[in-house]
1. Can you tell me which residue within the stretch 110-130, out of those that are under 19 Å from ALA49 (Cα atoms) and not polar (S, T, N, Q), is most open to solvent (accessible area, probe 1.4 Å)?
2. Could you please find all residues in the stretch 146-159 being open to solvent by 40 Å² or more (accessible area, probe 1.4 Å) and either on the phi > 0 side of the Ramachandran plot or under 17 Å from the mean Cα position of the chain (by Cα) (or both)?
3. May I ask you to say which residue of ILE46, ILE50 is modelled with pLDDT of 95 or more, within 16 Å of ALA156 (Cβ to Cβ), assigned to a strand (DSSP E or B) and not hydroxyl-bearing (Ser, Thr, Tyr)?
4. Regarding SER168, is this residue closer than 20 Å to ALA202 by Cα and either surrounded by fewer than 20 Cβ atoms within 10 Å (Cβ to Cβ) or without any contact (Cβ under 8 Å) to a residue 60 or more places away in the chain (or both)?
5. Testing GLU189 on (1) surrounded by 18 or more Cβ atoms within 10 Å (Cβ to Cβ); (2) out of contact with any Leu (no Cβ under 6 Å at 6 or more places or on another chain), one condition comes back false. Which one is that?
6. Out of the residues in the stretch 169-210 that are over 26 Å from TRP56 (Cα atoms) and basic (Lys, Arg), which is modelled with the highest pLDDT?
Amino acid sequence: MPEYIINKEAYLKIILHACKYPSSTVNGVLLAQEEVGNDDSNKIIIADAIPLFHHWNTLTPMLEVGLQQIEIYAERNKLNIIGYYHANERVDDNKLPPFGQKIASKILENFNINAISLLVQNSKLSPENPEIAIMPYIFKENQWRPDTKAFSSNFALDNNDLPKLVSSSICKKHFEYLYDFDEHLENIELDWLNNIKVVELAFEQNSKTK
């Protein structure tokens, strides 16, 4: 199994997307860079997350349109589609639902054999004691299974301070500057693919606290 490294931009956008719509199910797509180490083992850098929906969360024609646009964006930026992320509307719901598994399987079949899913753990987003708030799911024995030991084995954040950084971004309501494909369909001027403003705000905040 490859080693997965989740970078700042990807983690930030996943969590802020969930926080922007706390009473809705949200989802999106993960983009990655793939590197090969000296020992020929794969290292996959999850470099970005593209927010898709907070209204529609099924295998609809709009999902196909969104995936096509993300694929074009990924190719232009020398990235590849590597997976799916999901946040449930209920705080205590920590399972990847069937329709989320179907979208993840579509990505696995059509884009990348190393595809993964990341499920947001809403209960771990406490400002007082922020933790790593995602649970990786891997496709094993013909079904998507949670990897409860992921962050002690083959998953890691590229910065251990990320949970604190993102918690601070939540408190400052940076999620107001993050847009998904749903919002883009209502206003085509909204930049749902890059979401540069959110990243700039978080990084500026980070540099000032050093």
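The values are calculated or read from the model by the stated rules, or taken from the named source; none is laboratory data. Everything numeric here is computed off the predicted structure, so don't read it as measured data. Cβ coordinates were reconstructed from backbone atoms using ideal geometry, including for glycine residues, and neighbour counts include every protein chain displayed. The protein model used for the area step is the full one, side chains on, heavy atoms only, and it has no ligands, DNA or RNA in it. Shrake-Rupley method; radii C 1.70, N 1.55, O 1.52, S 1.80 Å.
1. Once the filter is applied, the top-ranked residue is ILE113.
2. Passing the criteria: PRO146, PHE151, ASP158, ASN159.
3. ILE46
4. yes
5. Unmet condition: (1).
6. Restricting to residues being over 26 Å from TRP56 (Cα atoms) and basic (Lys, Arg), the top hit is LYS172.
Okay, residues lined up against (1) in contact (Cβ under 8 Å) with a residue 60 or more places away in the chain; (2) open to solvent by 40 Å² or more (accessible area, probe 1.4 Å); (3) of a type in the set (A, V, I, L, M, F, W, C); (4) over 19 Å from ILE6 (Cβ atoms):
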residue: ALA47; (1), (2), (3), (4): no, no, yes, no
residue: THR60; (1), (2), (3), (4): no, no, no, yes
residue: LEU63; (1), (2), (3), (4): no, no, yes, yes
residue: GLN69; (1), (2), (3), (4): yes, yes, no, yes
residue: ALA74; (1), (2), (3), (4): no, no, yes, no
residue: ILE82; (1), (2), (3), (4): no, no, yes, no
residue: TYR85; (1), (2), (3), (4): yes, no, no, no
residue: PRO136; (1), (2), (3), (4): yes, no, no, no
residue: PHE139; (1), (2), (3), (4): no, yes, yes, no
